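A quick write-up on the structure given underneath.
The values are calculated or read from the model by the stated rules, or taken from the named source; none is laboratory data. For clarity, every value in this text was computed on a predicted model and none was experimentally measured. Every residue, glycine as well, gets a Cβ built from its backbone with ideal geometry; the counts of neighbours run over all protein chains shown.
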Amino acid sequence: MLNILRKRAQSLLIQGVVLVIAVVFIFWGVGTNITRNRNSVATVNGEEISLQEFQRSYERAVDNLRQQFGGQLPPDLLENAGFKQQVLGQLIRDALLRQGGQRMGIAVSDHMTRQKIGTMEVFQENGHFDLHRYEEILAQNRMTPTSFENGLRSDLLAAKVGEAVAAFAYVSDLEAKTWSRFQDESIRLAYLKLDARQFEDKVQIDEAELVGWFENHREDYRQEPKRRLKYLYFSSEAGKNAAEATEDEVRAYYEANKTAYVTPEQRRARHILFKVEQGADETARSEKKQQALKILAQAEAGEDFAELAKKYSEGPSRDNGGDLGFFGRGRMVRPFEDAVFAMQPGEIRGPVETRFGFHIIKLEEIRPETVRPFDEVKQEIRRQLVAKAASAESFKKASEAYEGIMRAGSLEKFAAASGLEIRETDYFQRKSPPKDQKVLADPAFLAEAFSLNKGELSSVIEVKGGYAILYVDDIQESSLPELSEVRNRVEADFRREKSVELARKAAEDTLVAARESGALAADDGIPAEVEETDMVKRSAADKTGKVIPAVFRHAFALPWDKKFPDQPVASGTVFFVYQVLDRAEGEEPADTKTLSRIREQLSAAARSRLMNHWLATLQKQADIWTNRKLLQ
């Protein structure tokens, strides 16, 4: 994954290509073969991806992600998201793209790459490329010119490949008109909504049937293993009263960690956004840019910027004059941020292109970087130092106790000799620890308790608020319960299942009756009334609120001569029965601009399908291997 800077070199087409490829790779996966080069993370048709290359890409990707989260990543985010695999997938994608482009006879020369870099605003001073600025910005982002240029070359190649594939995606005016009529078709329904929960009180529980049902579902009620514990707890709170932090210690900590108390520079800006839809062609982009240039001239001529934003901006901040408030680095997309943080108060700049479109920007105010003074944070630091000292003291006591237990030979003998209190539990499951002993709910405590065997002693465990040592006194293994032990749960589950059957049967009977009579009606025993919708267009069926979209999709799929579905439409435990009351054909676009927009949308979809097919062919033909051991 390349540094965010490279987004300046990406068109909307490139971004679309990258997105399609990334999605494909998520679902493809790759094979393994441990006989390949152990110093490579992967090979693609014999082309190696080195461990060093992977590590550089991974570190840059993590840095970018950390910026998006304000400098601090949530715990386990990278592991849970399979971030290493995502980065490797991107590198494999780059390799396949290069190889596929070469097979198609497409190449990007060094000259083309240098030309592109020369046109990038981020590397320019007074409208001209500046080599010193180029090297300085890359260094700030921990990139070398070689790595940046290789990445940019891959992006340019992706654009060329995308353009080559897109050339085969042609959509005619007739196709666009047909699609418009299809989307503009409208329908009006009468419907009944039967929720299984409304039938629960109608379920009659027969004991013999319940017993049989329980035997068939008994495994669902298997009891989880239980533990009975004895443990010692050493609270850090107990040591806080004795712990101290002198003024000199607090001052020393402040000086050593002053960067933690820095409030970064913030800037307040307004903007006027001219949106460019993702996948828009060059003509549409050029039109938007010309609009932006026209309004830029008005703003530079002295017209009120806030009023211009209210009148012309297509962004969500238009109502308050385009005011974005104060923000620091890492909050806005990089091209926008780079422009704002290079401006002076009162300066107007634009058009600045981002993935959202073209921006006209006015910098209103700069709030300089500040450092919170010592007097403001000293009590906060003192509390931290006291807590740290108290935690260290509780760890010391826990460690001494552990050694004492080892010497005494048992927890009981040590407790008797030392006078420490042994806390005990009754049997409990991991998912439901006793609520009267808070330490038992700590994930680290539970993980240790349920990893030990009967009669085993843990090491010193760090838990929230202190440290603990635990001993597994007894274990009740997993078991299947008798009906009497879980009867309430079984009856509730039985009732829910049978209520679904009743609701489905009521829906089916209602549909049969409606076909016979020609009109949808609710019988006396059904806890629902017939309701009607307005005329709803196919394109707006997902926004009606009353009826789930699946019902409308089902109704629009019916032949025009049918008024009722063959079966009720199910959504979980809710069943819909409907009747088509009215139906109207759609109309063609009223103007060429709308027709052009529809054509572009259909073309984008066609390009995506072609790209997916091309990538699938590459993947099928490719010899891809990954070194799983290096990714662990």
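Remarks
Residues checked against (1) surrounded by 17 or more Cβ atoms within 10 Å (Cβ to Cβ); (2) touching a strand residue (DSSP E or B) at 6+ places or on another chain (Cβ under 8 Å); (3) under 30 Å from Ile361 (Cα atoms):
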residue	(1), (2), (3)
Arg251	no, no, no
Tyr254	yes, no, no
Asn257	no, no, no
Pro264	no, no, yes
Ala280	yes, no, yes
Ser286	no, no, yes
Gln290	no, no, yes
Ile295	yes, yes, yes
Phe305	yes, yes, yes
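- First in region 311-328 and touching a residue at least 60 places away in the same chain (Cβ under 8 Å), second anywhere and surrounded by fewer than 17 Cβ atoms within 10 Å (Cβ to Cβ) and part of a strand (DSSP E or B), Cβ under 7 Å, 6 or more apart: Phe326/Arg367
- The sole residue among Asp534, Asp523 that is more than 19 Å from Gln567 (Cα to Cα), part of a loop (DSSP other than H, G, I, E, B) and either small (Gly, Ala, Ser) or assigned by TED's automatic domain parsing to the domain that holds Val574 (or both) is Asp534.
- Members of region 248-266 that are in contact (Cβ under 8 Å) with a residue 12 or more places away in the chain, among the β-branched types (Val, Ile, Thr) and in a helix (DSSP H, G or I): Val250
- Condition met for Phe234 (over 30 Å from Ser410 (Cβ atoms) and in contact (Cβ under 8 Å) with a residue 60 or more places away in the chain): no
- Residue within region 490-511 that is in a loop (DSSP other than H, G, I, E, B), acidic (Asp, Glu) and surrounded by fewer than 16 Cβ atoms within 10 Å (Cβ to Cβ) present: no
- Options Glu376, Glu400; residue that is charged (D, E, K, R), closer than 19 Å to Ser458 by Cα, without any contact (Cβ under 8 Å) to a residue 40 or more places away in the chain and in a helix (DSSP H, G or I): Glu400
- Candidate set: region 408-423, residues that are surrounded by 12 or more Cβ atoms within 10 Å (Cβ to Cβ) and charged (D, E, K, R); chosen: the one farthest from Ile475 (Cα to Cα): Lys413
- Residue within region 217-229 that is part of a strand (DSSP E or B) and hydrophobic (A, V, I, L, M, F, W, C) present: yes
- Considering each residue of region 528-542 in turn, none proves to be in contact (Cβ under 8 Å) with a residue 40 or more places away in the chain and under 30 Å from Asn45 (Cβ atoms).
- Filtered residues of region 443-476 (kept if more than 14 Å from Arg227 (Cβ to Cβ), under 32 Å from the mean Cα position of the chain (by Cα) and modelled with pLDDT of 90 or more): Pro443, Ala444, Glu462, Val463
- Top-ranked residue in region 580-632 [being within 30 Å of Glu59 (Cα to Cα) and in contact with a Ser or Thr (Cβ under 9 Å, 6 or more places away or on another chain); ranked as surrounded by the fewest Cβ atoms within 10 Å (Cβ to Cβ)]: Asp623
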